[in-house]
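Here is the structure we will look at, set down as structure tokens.
The values are calculated or read from the model by the stated rules, or taken from the named source; none is laboratory data. Fair warning: this is a prediction, and the values are worked out from it, not measured in the lab. Reconstructed Cβ throughout: ideal geometry from the backbone, glycine too, with neighbour counts over all protein chains shown. Note: accessible area is taken over every heavy atom of the protein model, side chains too, but ligands, DNA and RNA are not part of it. Shrake-Rupley method; radii C 1.70, N 1.55, O 1.52, S 1.80 Å.
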Amino acid sequence: MEWKERFYQLTRERFDRSPDQCGDRQLYLALMLLARELSANRPAPETGRKLYYFSAEFLMGKLLSNTLLALGIRDSVRETLLAMGRDLNVIEELEPEPSLGNGGLGRLAACFLDSIAALELPGDGVGLNYHFGLFHQNFVKFKQAEYPDTWLEEENWLISTGRTFTVPFGAMDLKAVLYDIPVPGAGNGYANRLHLFDLEEPAREPWVGIRFDKGDIAHNLTSFLYPDDGDEAGRLLRVYQQYFMVSAGAQLILQELEERGYRPEELADHVVIQINDTHPSMVIPEMIRLLMAKGLTFDQAADQVSRTCAYTNHTILAEALEKWPMHFIETVAPGIVPIIRELDRRTREAHPDPRTAIVDGNDVVHMAHMDIHWGFSVNGVAALHTEILKKSELKPFYDLYPGKFNNKTNGVTLRRWLEACNPGLTALLDEVIGDGWRRDPDQLEKLMAFREDTGVLDRLLEVKQASKDALARHLWVEQGLELDSASVFDIQSKRLHEYKRQQMNALYVISKYLAIREGRLPERPITVFFGAKAAPSYVMAKHIIHLILCLQELTERDPRVRPWLRVAMVENYNVTWAERMIPACDISEQISLASKEASGTGNMKFMANGAVTLGTMDGANVEIAQLVGQDNIYTFGRSSDTVIDLYHRWAYRPRDLYHREAIEPLVDFLVSPELLAIGDPADLSALWRDMKNKDWFMALLDVEEYIQTRDRAIHDYGDRRAWAKKMLVNIAHAGYFSSDRTIAQYEKDIWHLRGV
Ligand code: 26Q
């Protein structure tokens, strides 16, 4: 049946009318049902092994437009609706965004599912169906306020599978109910699945704020996604979530193995489990437990599991490496405690070095250590990050298992992050180099032949301008900000963390503000965009948001400054905002303290859309710089080696830097009368004191060079053709950062799904 026929049937069945009589919401619902059904009817790719990608987060973003694209019917749906006088874009806007992730790690998992299906590999995601995703952010009195994110509508993308599994907790058994979201492969006829587990009777009562009864596990286990902080309260619930996910997931794997006609002792020949950071690490002891229940000995089970599991590390921040007190696990999942103890005993016997123990002297379990000893692969997410893991953070492990360590530089799906979000640029690329780049992103390099073609360069500038106009219009509608789309659009959008140094960006804004007040105008008007959520309990991050919102208010109010310098912080930054902001960006801010950002993936999305990076030599910025060359990126700041050395020697002293002539006025502006008149004196002075005395992520170390480099970029922007050439070179080299390339490397080096 043609899609159109089924579409007419659906609106008839649901609403007793034809599409042209439907309202936009009804059209959205019918298209969602249609896309869900067409995807679900596709067969899974069949090859040798099957991959299960375990992740506590899948930050999928809106699904309708990408699903229609993957199904290859988006253009014809658009035309059909247009003939009825309807606009597909307006209908797509009505979808609530599933925000089942915090940021990079969750979004990476979503890009990976897209690429796995596109490459016709059999691989499903395994995660949790949080009823409230990442909190909704509002600004109240220039501060962040959090509200529950109610993304789950009565009818949604989830398909009931009828499969259930029993998860044995210490205090009770709970039933895990499996829902699926189909993941169609672009350009082929296959679909994989995202498996999301849920409780049988999840709490339905509306929430007040984001607090709720963390004790009532049976009803609240899947209620909410943890924001990425070390919030002490409720940590036990997080262990409950993790065990629920991995136990149900492992049972699903063994059930499917049996359905495919294989025995449990053949697990490793037919299954690969990729562990996305340590959040799903308990799958290792849980799978051993389940295999032993099926009659395998400990030796046999441990051998299968260690040939099945592979671990990805996403961070070197010590505070983010998960460690759980054994008594937590005893309470939540007593069944795996003896297994963890035995894994630890065997590990110690072979490797007595206490630094590599799984269970430490305080009876605390180091999840990453378990993954490294008992998995077959350990990968970092960018070249520099993997080198740092090998040379310093995980050195004792690298010395034991050099062959397990490998790098897989992250990537992003250009289907969402170029084709879907930037149709103007997509059409231009198709016209200039043909559409082969859509299947083979390396073909973007063909663009290099046009680097001196003024016709192409001018068209690139036109496309960028149109995206900037569209973003400006959207901000006017959403937030009443009337922006100047002829100004330089400078954007930093990512989670708020001190190591990402949004505070250093704010110091730049202050330096420009003070200069303008003294009559030293910038070379051209600048708009500084921010998009960022702070974890609700991360006090310093919230202070930084407060500072940015105060600066926004200050520049808005000042008629001398406003024509030259604007600050625009978008409310509730999420995937949908990113899709609007990234195409409109001129300068992409990637300014983390070197060594701290494992990879970054926003940097890749901005690059692919023709933004020029202003960044430190950190994470994947290093690889971007290598690809585009020094003329086409603005780098600054101390190297990762210098930074690591400063930490080791405890040698960083912000006080001395603070007193420098160029720095003191910027930092002191935090407690100036102008700013205190707008903001909260307690918060601003807390941030001011922290910057002078602690500055753990060394903003003051790099700020002077940052300001100079940023001014140089803004100067260079004036030569429009030269700038367009930089844009072109960036787009031409973005093919490397396609997640199709990343996934092809996981397949070749780790998974071997296509036959061993
Ligand atoms: C841990 C314990 C308790 C509660 C929450 C968490 C938690 C949740 C999420 C810890 C970390 C995260 C997310 C981490 C993350 O997004 N890391 C990013 O991963 C990207 C993909 O590899 C990289 O590009 C980024 O550099 C890295 O910061």
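Once phi is turned into θ = phi - 60°, what whole-Hz ³J(HN,Hα) does the Karplus curve with 6.51, -1.76 and 1.60 give for every residue of the range 618-631, x standing for Gly and Pro?
Per-residue couplings from phi come out as 9, x, 6, 4, 4, 6, 4, 4, 4, 6, 8, x, 4, 6 Hz.
Show me, for the range 441-449, the HN-Hα J-couplings you get by feeding each phi into the Karplus relation (A = 6.51, B = -1.76, C = 1.60, θ = phi - 60°), rounded to Hz, glycine and proline as x.
x, 4, 5, 4, 4, 4, 4, 4, 5
For residue 219 and residue 558, FRET efficiency with R0 = 35 Å and r from the beta-carbon atoms, rounded to 0.05?
The calculated FRET efficiency here is 0.10.
Can you sort 78, 348 by solvent-accessible area, 1.4 Å probe, largest first?
348, 78
Give the residue list of GluC sites (Glu not before Pro) in the range 654-704 that are DSSP loop and have at most 13 other beta-carbon atoms within 10 angstrom.
Here the GluC sites (Glu not before Pro) that fit, given the DSSP loop and packing criteria, are 661.
When only C-alpha pairs under 8 Å and at least 6 residues apart count, what is the relative contact order of the range 65-146, in percent?
19 percent
Can you give me the accessible area per residue for the chain, using a 1.4 Å probe, in Å²?
Value returned for the chain: 36 Å² of accessible area per residue.
Separation between the residue 75 and residue 161 pseudo-spin-labels, each 7 Å from Cα along Cα→Cβ, expressed in nm?
3.5 nm
Return the long-range amide H neighbours of residue 136 (sequence gap of 5 or more, or a different chain), with a cut-off of under 5 Å between placed amide H atoms.
147, 149
What percentage of all Cα-Cα pairs in the range 477-719 are separated by more than 29 Å?
The answer is 23 percent, as a whole percent.
Kindly provide the helix-only [θ] at 222 nm of the chain, computed as the sum of -39,500 (n - 2.57) over DSSP H runs of four or more divided by all residues, to the nearest 500 deg cm²/dmol?
So the calculated ellipticity at 222 nm is -13000 deg cm²/dmol.
Using R₀ = 30 Å, calculate the FRET efficiency as 1/(1 + (r/R₀)^6) where r is the Cβ-Cβ separation of residue 661 and residue 686; round to 0.05.
My answer for the efficiency is 0.75.
How much of the DSSP beta bridge set in the chain is antiparallel, as a percent to the nearest 5?
Looking only at bridges with both residues in the chain, the antiparallel portion is about 35 percent.
Rounded to the nearest 10 Å², what accessible area does residue 38 show when all protein chains are kept and the probe is 1.4 Å?
50 Å²
Considering only protein heavy atoms, what is the solvent-accessible area of residue 474 at a probe of 1.4 Å, reported in Å² to the nearest 10?
40 Å²
Averaging sequence separations of C-alpha pairs under 8 Å and six or more residues apart, then dividing by the length of the chain, give the relative contact order as a whole percent.
13 percent
With a cut-off of at most 13 other beta carbons within 10 Å, and DSSP calling the residue loop, which GluC sites (Glu not before Pro) in the range 435-479 qualify? Please list them.
Counting only loop positions with at most 13 other Cβ atoms within 10 Å, the GluC sites (Glu not before Pro) in the range 435-479 are 452.
Figure the gain on full extension for residue 259 and residue 693 (residue separation times 0.36 nm, minus the Cα-Cα span) and round it to one decimal in nm.
Gain on stretching residue 259 to residue 693: 150.1 nm.
Per the 1.4 Å probe, what fraction of the accessible area of the chain, in percent, lies on carbon and sulfur atoms?
The nonpolar share, carbon plus sulfur, comes to 50 percent.
For residue 647 and residue 537, what does the FRET efficiency come to when R0 = 30 Å and r is the distance between their Cβ atoms, rounded to the nearest 0.05?
Efficiency, rounded to the nearest 0.05: 0.75.
With every protein chain left in place and a probe of 1.4 Å, what is the accessible surface of residue 415, to the nearest 10 Å²?
Using a 1.4 Å probe on the heavy atoms, I get roughly 30 Å².
Expressed as a rounded percentage, what relative contact order does the range 477-719 have, with Cα pairs under 8 Å and six or more residues apart?
22 percent
According to a simple spin-label model (label point 7 Å from Cα along Cα-to-Cβ), what is the distance in nm between residue 141 and residue 387?
Computed distance between label sites residue 387 and residue 141 equals 4.9 nm.
How much length would be gained if the chain were fully extended between residue 360 and residue 16, taking 0.36 nm per residue of separation minus their Cα-Cα distance, in nm to one decimal?
That pair, residue 360 and residue 16, stretches by 117.4 nm at full extension.
Between residue 292 and residue 477, what is the label-to-label distance in nm when each label sits 7 Å out along the Cα-to-Cβ direction?
Each label point is offset 7 Å from its Cα along the Cβ direction, giving 5.9 nm.
Could you go through the range 106-122 in sequence order and give the Karplus-derived ³J(HN,Hα) for each residue, using 6.51 cos²θ - 1.76 cosθ + 1.60 with θ = phi - 60°, rounded to whole Hz, and x for Gly and Pro?
Values per residue, Gly and Pro as x: x, 5, 4, 4, 5, 4, 5, 4, 4, 6, 4, 5, 5, 7, 6, 9, x Hz.
Within the range 129-170, which trypsin sites (Lys or Arg not before Pro) sit in a loop by DSSP and count at most 10 neighbouring Cβ atoms inside 10 Å?
Hits after loop and neighbour filter: 141.
What is the list of residues in the range 706-730 whose amide nitrogen lies under 14 Å from a point 7 angstrom out from the Cα of residue 524, following Cα to Cβ?
Residues 711-727 qualify, since their backbone N sits under 14 Å from the label point.
Once you have the Cα-Cα distance between residue 435 and residue 458, take 0.36 nm times their residue separation minus that, and quote the gain in nm to one decimal.
The residue 435-residue 458 span can extend by a further 6.3 nm.
Going by amide H atoms built from the backbone, whose H comes under 5 Å of the H on residue 569, apart from near neighbours?
Excluding prolines and chain starts, which carry no amide H, the hits are 530.
Using heavy-atom solvent-accessible surface (probe 1.4 Å) with all chains present, what is the largest-first order of 617, 60?
617, 60
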